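Please treat every number below as a calculation from the coordinates, not as lab data. Small disclaimer: the values here were computed from a predicted structure and weren't measured. Cβ sites come from the backbone with ideal geometry, for glycine too, and all protein chains shown count toward neighbours.
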Amino acid sequence: MGADLVRADLVSRPAIRVVAGVSGSLGSLTALHRAASEARVRGAALSAVLAWEPPGGDIPHRGGPCPTSTAAWRSMAADRLTEALDTAFGSAGPGVPLERLVVLGKPGTVLLAVADRPDDLLVIGAGPRGRLRRAMWPSVGRYCLAHACCPVLAVPPSPLHRTLDAVHRRNAWKLPLDTQGLTEIR
C-alpha cells in the first residue's frame with residue numbers, strides 16, 4: 001500500500017519545472033507570462049523565484065543584521081513577489097501549479113540553485129543592455145546562460161518596454177511631447 005501512495009504522489013506532481021526569475025520589473029513580468037505559457041505547454045509546474053539581498057549587500061562579516069530586520073526585509077521581498085504575481089496574472093492565476101520562492105542571495109546564484117535539474121527550464125527577462133548599463137550592473141541573464149545545467153530561455157523586452165523607456169527619457173530630459181499624432185483620427 002505504501003508503494004501506491006508514493007506512485008500517486010508522483011503522478012500528481014509534474015516531473016518538470018519551469019523556473020522564472022521575478023523582480024517586479026516590466027521585463028520580469030514579460031518573462032513570467034512566457035514561463036506560464038511554457039509550463040502550460042509542457043504540463044509543468046511554475047516556480048516563481050524572487051532573490052533578495054539586505055540593503056547594503058550581504059554583511060555577515062560585520063556580525064550581520066538584526067534578526068528582526070532580516071525578517072522585515074524577507075517579508076517585503078515576499079510582498080513584492082505577491083504583487084508581481086498579482087500584476088502578471090490577477091486573481092485567475094497562471095493556470096498551472098505555482099510554487100512561490102523567496103530566497104536570500106544573488107539573483108543568478110539563486111536561480112541556478114533552484115533550476116538545478118537537467119529537465120528544468122529557466123526563463124529570465126533579457127532587459128535592454130547598453131554599454132554603460134553592462135559595465136555598471138552585471139547581467140543576471142548572462143550569468144545564467146553561462147552557468148546553467150538546464151535550458152535557459154531569455155525573453156526579450158516587449159515593444160511596450162521600449163516605448164515606456166523613450167517616454168521616461170523624454171520626461172527626464174524635460175523634452176516636449178508631440179501630441180499631434182494622439183489627436184488625429186485614422
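Each Lys or Arg adds one and each Asp or Glu subtracts one; over the other residues with Cβ under 9 Å from the Cβ of VAL102, this totals +3. The gain in end-to-end length when the VAL41 to HIS168 segment is fully stretched comes to 42.1 nm, 0.36 nm per residue minus the alpha carbon separation.
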